[in-house]
Amino acid sequence: MDILKSLSNQSQYSQTKLQWIIGAWVLASAVEGKPKISSTDGDLAEEDYDKASLYSLLYSIYSSMGDVENEFGVKYEFTFNTWGYAWPTTWPASGIKADDPQRFGKNAYTGHFHWKIIKDFIAQKDGKVHLVEMGCGTGAGAHHICKNVLPNCTYEAVDMQKTAIETCRRKHVPELNGRLVATHANATSLSVKDTSADIVVINETHVTEMVGVVTPEDEKFFQTAYRILKPGGYLVWANAIPTGTWQASFDYLKTIGMNLLEVEDVTDLAIQARDEDAPRANKYVEDCLNRFVGFKIPVLGTRRRKQAQEGLKNFFRSPGTRLYENMKDRSDTYKVVLMQKA
Ligand SMILES: C[S@@+](CC[C@H](N)C(=O)[O-])C[C@H]1O[C@@H](n2cnc3c(N)ncnc32)[C@H](O)[C@@H]1O
């Protein structure tokens, strides 16, 4: 069983199914050559996983975990699949509580709307703007924006993972009285109407990952953003991606008619967020791993547990992992970007 490549983004895996999947993965290690996930820094090569399979596994685990406690005993459901960043002191206050377990994710979503240009645009429309998010995960950020940042907006949250969209429909959609719609679709071929969005949100969506290159998938993804935006509409985008991929993406976006208005590098604050968030992230990883009996199998289980532990920590960009180091040495940079459709 190759859990990194063979799971479906159309399926939600129950706790029982997850036990079998992890058990099979542990046993498969008996015949595996070099492990794909590094046991020292969690590194995983791009060619060794398929993002549809990886996120399918992760969202099923998050969903099966339900409410958990952070390191201070504060209960929350892990729904922000977001690294985020510590709030810049030069920006207007965010209003997000300093003890909120998912504050860095909330910062990342709130930060899209700190620019004066977009504030003025939204104010001109009395806050009645329509947003489409491409790669919303569980819709936690969409819910935060609708509830706390833009209380008069409407929002369509799109993700390619069925489990993430089911979580959005269960946890976030009902409270918003029709203002939030959750759509299960691949954003590269989206049925959202042309020129229907005032603002497109891209928040840590798993695209533009190749160093210095805009892939054919990235092109289709950006073309969708352009197509669904109204003329003069805005793209707000934030992520930690390979440093050289930022300029390659801006250059491509320019060729399709998207102008770069604002860009701010918040990598230092993203590193600070990962440092401060490490106790919560590490506790969450341990809580997840403790649920799986497969990891209790002598030798094979112990070895796989270490790979899973480091792999998950790397996914969270926790200190000591490859992705954390990539931010430290600036091979990856976290930027917050505002663009406009010409
Ligand atoms: C790191 S998660 C971020 C999720 C969410 N934006 C957040 O910050 O919590 C990356 C997300 O991108 C989604 N994704 C990647 N490529 C996509 C595509 N082509 N269409 C829709 N979703 C995509 C994945 O399914 C995953 O949910």
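The values are calculated or read from the model by the stated rules, or taken from the named source; none is laboratory data. Quick caveat: nothing in here was measured; it's all calculated off a predicted structure. Methodologically, a virtual Cβ is constructed for each residue, glycine included, from the backbone with ideal geometry; neighbour enumeration extends over all protein chains shown. Only protein heavy atoms, including side chains, enter the accessible area calculation; ligands, DNA and RNA are left aside. Shrake-Rupley method; radii C 1.70, N 1.55, O 1.52, S 1.80 Å.
Tell me whether the range 331-341 contains one or more residues that are over 18 Å from the mean Cα position of the chain (by Cα) and surrounded by fewer than 16 Cβ atoms within 10 Å (Cβ to Cβ).
Yes, the range 331-341 contains a residue that is over 18 Å from the mean Cα position of the chain (by Cα) and surrounded by fewer than 16 Cβ atoms within 10 Å (Cβ to Cβ).
Could you tell me whether the range 190-209 includes any residue that is closer than 26 Å to LEU18 by Cα, more than 10 Å from the ligand (Cβ to nearest atom) and at pLDDT 95 or above?
The answer is no; no qualifying residue exists.
Within the set of pairs 6+ apart or on separate chains, which have a first residue in the range 19-45 that is under 23 Å from MET65 (Cβ atoms), a second that is surrounded by 15 or more Cβ atoms within 10 Å (Cβ to Cβ) and of a type in the set (Gly, Ala, Ser), and C-beta atoms under 6 Å apart?
Listed pairs, sorted by first residue: ILE22/GLY294; GLY23/GLY294; VAL26/GLY294; VAL26/GLY301; ILE37/GLY311; GLY42/GLY311.
Inspect all residues belonging to the range 256-273 and state whether any of them is buried (at least 16 other Cβ atoms within 10 Å of the Cβ), away from the ligand (no atom under 16 Å from the Cβ) and of a type in the set (Gly, Ala, Ser).
No, that holds for no residue.
Go through the range 95-118 and give me each residue that's open to solvent by 20 Å² or more (accessible area, probe 1.4 Å) and away from the ligand (no atom under 16 Å from the Cβ).
Hits for the range 95-118 are GLY95, LYS97, ALA98, ASP99, HIS114, LYS116, ILE117.
Do we find a residue being out of contact with any Gly (no Cβ under 6 Å at 6 or more places or on another chain), within 12 Å of the ligand (Cβ to nearest atom), not in a helix (DSSP H, G or I) and not acidic (Asp, Glu) anywhere in the range 119-133?
Yes.
Go through the range 234-342 and tell me which helices (runs of 4 or more DSSP H), entirely inside it, have 3 or more residues that are in contact with a strand residue (DSSP E or B) (Cβ under 9 Å, 6 or more places away or on another chain).
243-255, 267-290, 322-328
Yes or no, residue by residue, for (1) out of contact with any Phe, Trp or Tyr (no Cβ under 6 Å at 6 or more places or on another chain); (2) part of a loop (DSSP other than H, G, I, E, B):
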residue	(1), (2)
THR183	yes, no
ILE202	no, no
GLY212	yes, yes
ASP218	yes, no
LYS230	yes, no
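Residue-wise test of (1) open to solvent by less than 20 Å² (accessible area, probe 1.4 Å); (2) not aliphatic (A, V, I, L, M).
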site	(1), (2)
CYS288	yes, yes
ARG303	no, yes
GLU310	yes, yes
LYS313	no, yes
ARG317	yes, yes
THR321	yes, yes
TYR324	yes, yes
MET327	yes, no
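Exactly one condition in (1) within 13 Å of the ligand (Cβ to nearest atom); (2) of a type in the set (Lys, Arg); (3) out of contact with any Ser or Thr (no Cβ under 9 Å at 6 or more places or on another chain) is false for LYS220; which is it?
Unmet condition: (3).
Out of (1) part of a loop (DSSP other than H, G, I, E, B); (2) more than 10 Å from the ligand (Cβ to nearest atom); (3) not charged (D, E, K, R), what's the single condition that is false for THR167?
Going through the list (1) part of a loop (DSSP other than H, G, I, E, B); (2) more than 10 Å from the ligand (Cβ to nearest atom); (3) not charged (D, E, K, R), THR167 breaks only (1).
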